[in-house]
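Below is one structure, written out as structure tokens, with a few remarks after it.
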Amino acid sequence: QQLVTSNWLERVGADYRLSLGIFEIGSLVAHRNRILAAARPFMQELSRPQWVVHLAILDDTDVVYLDKVGGAFAGRLPSRVGGRLPAHATGVGKVMLAHAGAAAVDAVVANGLQRRTTSTISEPNGFRRDLDRVRALGIALDAGEAVPGVECAAAPLLDGGAVIAAISICAPAGRVDPGTTRNQLLTAATSISRRLGDGLGRRIA
């Protein structure tokens, strides 16, 4: 009965059969694996001893991390594969929200822009202006907004012209050069997006 209530099974007379909920879950997993397969080689190329590279998708007002590549510094970050963080306080979240449309941004603002650190942008108009800067720059910058003393830069990943995920580079404060990092991120993001558009991200390498 719990599986029926959860839309994983449906009752047919005295019997049960798989419901559309199961197929929806399977399709979602396949979609995430496709993104991961396309992105992982480029994430490994971006990785440095003091850099952590993230791959994330937007889920309502949170980001969900699909992958995390990095050395010892990775242990200092609260992100984990399968874990969530508030979208408004992360580079990956802001770069996806910047391209997600007004309704998605309104939902995040309505949910409350809670502070994770003293640097988190918690004022709605200030947050919207920051998203304007993200669109103009092409990447999002997170200057200690999620974790004190940690800076991140993030770029969007596109499939069919729509932003479906994001990658980011995170490092101790002062070790992310916006100009150089922007070029590296956009180059990697373009390559990943091309693989997604060409249908090359079919399986995890």
Pseudo-spin-label distance ARG175 to SER47, built 7 Å along Cα→Cβ, given in nm, is 1.5
Give the carbon-plus-sulfur fraction of the accessible surface of the stretch 113-205 in %, rounded to a whole number; probe 1.4 Å, heavy atoms of protein chains only.
51
What is the magnitude of the charge dipole of the stretch 129-188 about its Cα centre, with +1 placed on the Cβ of each Lys and Arg, -1 on the Cβ of each Asp and Glu, and no other charges, expressed in debye to the nearest 20?
120
Test of understanding: given the chain, find the longest segment containing no trypsin sites (Lys or Arg not before Pro) that are in a DSSP loop and have at most 16 other Cβ atoms within 10 Å.
1-79
For the stretch 66-71, just list the computed ³J(HN,Hα) in residue order, Karplus coefficients 6.51, -1.76 and 1.60, θ = phi - 60°, integers in Hz, with x standing in for Gly and Pro.
8, 7, 8, 10, x, x
In nanometres, the difference between 0.36 nm per residue of separation and the alpha-carbon distance of ARG194 and ASN33 is 56.3 nm
Specify which residue in the list GLY93, GLY197, LEU158 is farthest towards the positive end of the charge dipole of the stretch 88-205, using unit charges on the beta carbon of Lys, Arg (+1) and Asp, Glu (-1), about the Cα centre.
GLY197
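The values are calculated or read from the model by the stated rules, or taken from the named source; none is laboratory data. Every value quoted in this text rests on a predicted model; they were computed, and no experiment measured them. Here the Cβ is made from the backbone with ideal geometry for all residues, glycine too, and neighbour counts use every protein chain on show. Note: accessible area is taken over every heavy atom of the protein model, side chains too, but ligands, DNA and RNA are not part of it. Shrake-Rupley method; radii C 1.70, N 1.55, O 1.52, S 1.80 Å.
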